[in-house]
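All remarks here apply to the structure that follows.
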Amino acid sequence: MKILPDSLDRITQQFSKFPGIGRKTAQRMAFQLIEWDRDAVKQLGDVIIQSTEKLSQCSVCNLITEADPCPVCRDTRRDDALLCIVEDSKDVVALEETSRFNGKYHILGGVLSPLEGVGPDQLNIKNLMERLNDTEEVIIAMNPSVEGETTSLYLARLLQDRNIRITRLARGIPSGGDLEYIDGVTLGRALDERHEMK
């Protein structure tokens with residue numbers, strides 16, 4: 001016997017489309033939403049609609065933005081010779097939060113994944129190749145997944161004939177981590193990428 005109304009199920013289904021949100025969490029969110037007064041629900045809907053209508057991709061780097069080009073590409077204080085290649089806009093946010101990078105970005109819009117039908121033509125690789133004229137160093141900053149590694153290797157091979165320094169993010173043990181709790185792949189990579197102490 002079905003207890004909950006179809007309207008609540010539809011809300012739950014929409015929330016469960018978000019990454020990391022399972023059916024139970026989506027259902028709790030739906031219950032919370034129906035406890036809001038109608039004006040608050042309408043305001044949420046309006047904000048979502050208005051915001052998504054204003055957002056687009058930067059024509060230079062593909063970052064999600066309201067202005068084209070985006071603030072990063074327009075910033076003349078940033079180093080044009082340093083280009084960091086990432087998978088999506090969330091990666092740019094993570095890197096910017098470190099306050100350690102002062103170059104420009106290029107967002108691929110995904111990673112190579114032949115099983116899902118994602119090849120080089122589905123990624124923003126053509127625009128990348130057009131941007132490299134003044135670039136001295138490319139940092140490949142892909143997630144350490146099989147697809148991320150495949151994409152990193154593909155990009156490195158694609159760029160190897162250019163007079164550009166190609167680097168990638170270091171991998172290994174996080175600061176404050178205990179060796180006994182580090183997984184074997186991460187620990188092995190930390191050993192492989194060890195460096196001399198000076």
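The values are calculated or read from the model by the stated rules, or taken from the named source; none is laboratory data. Remember, predicted model here, so these are calculated numbers, not experimental data. A quick note on method: Cβ atoms are made from the backbone with ideal geometry, for glycine too, and the neighbour counts reach across all protein chains shown.
Annotations for the structure displayed:
- Within the set 29, 1, the sole residue that is among the hydrophobic types (A, V, I, L, M, F, W, C) and surrounded by fewer than 10 Cβ atoms within 10 Å (Cβ to Cβ) turns out to be 1.
- Some residue of the stretch 86-98 being within 13 Å of residue 139 (Cβ to Cβ) and touching a Lys or Arg at 6+ places or on another chain (Cβ under 8 Å): no
- Of all residue pairs spaced 6 or more apart or on separate chains, none has beta-carbon atoms under 8 Å together with a first member in the stretch 149-164 that is touching a residue at least 40 places away in the same chain (Cβ under 8 Å) and a second member that is acidic (Asp, Glu) and part of a helix (DSSP H, G or I).
- The condition of being in a helix (DSSP H, G or I) and out of contact with any helix residue (DSSP H, G or I) (no Cβ under 7 Å at 6 or more places or on another chain) does not hold for residue 27.
- When restricted to residues that are over 15 Å from residue 91 (Cα atoms) and in contact with a Cys (Cβ under 9 Å, 6 or more places away or on another chain), the stretch 138-161 contains 1.
- Scanning the stretch 81-101 for residues that are at pLDDT below 95, surrounded by fewer than 16 Cβ atoms within 10 Å (Cβ to Cβ) and at negative phi yields 90, 93, 94, 96, 97, 98, 100.
- Residue selected from the stretch 119-145 under the condition surrounded by fewer than 15 Cβ atoms within 10 Å (Cβ to Cβ) and small (Gly, Ala, Ser), by the criterion farthest from the chain's Cα centre (by Cα): 119
- Condition met for residue 47 (of a type in the set (A, V, I, L, M, F, W, C) and exposed (fewer than 11 other Cβ atoms within 10 Å of the Cβ)): yes
- Whichever residue in the stretch 129-145 is farther than 14 Å from residue 82 by Cβ and hydrophobic (A, V, I, L, M, F, W, C) and, among such residues, is modelled with the lowest pLDDT: 142
- Subset of the stretch 78-88 [touching a residue at least 60 places away in the same chain (Cβ under 8 Å) and not in a loop (DSSP other than H, G, I, E, B)]: 85
The rows are residues; the columns are (1) in contact with a helix residue (DSSP H, G or I) (Cβ under 8 Å, 6 or more places away or on another chain); (2) at pLDDT below 95; (3) under 27 Å from residue 94 (Cα atoms); (4) not in a loop (DSSP other than H, G, I, E, B).
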{"position": "1", "(1), (2), (3), (4)": "no, yes, no, no"}
{"position": "8", "(1), (2), (3), (4)": "yes, yes, no, yes"}
{"position": "17", "(1), (2), (3), (4)": "no, no, yes, no"}
{"position": "34", "(1), (2), (3), (4)": "yes, yes, no, yes"}
{"position": "39", "(1), (2), (3), (4)": "no, no, no, yes"}
{"position": "52", "(1), (2), (3), (4)": "no, yes, yes, yes"}
{"position": "60", "(1), (2), (3), (4)": "yes, no, yes, no"}
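- Taking the listed residues 176, 148, the one that is surrounded by 14 or more Cβ atoms within 10 Å (Cβ to Cβ), at pLDDT below 95 and out of contact with any helix residue (DSSP H, G or I) (no Cβ under 7 Å at 6 or more places or on another chain) is 148, with no other qualifying.
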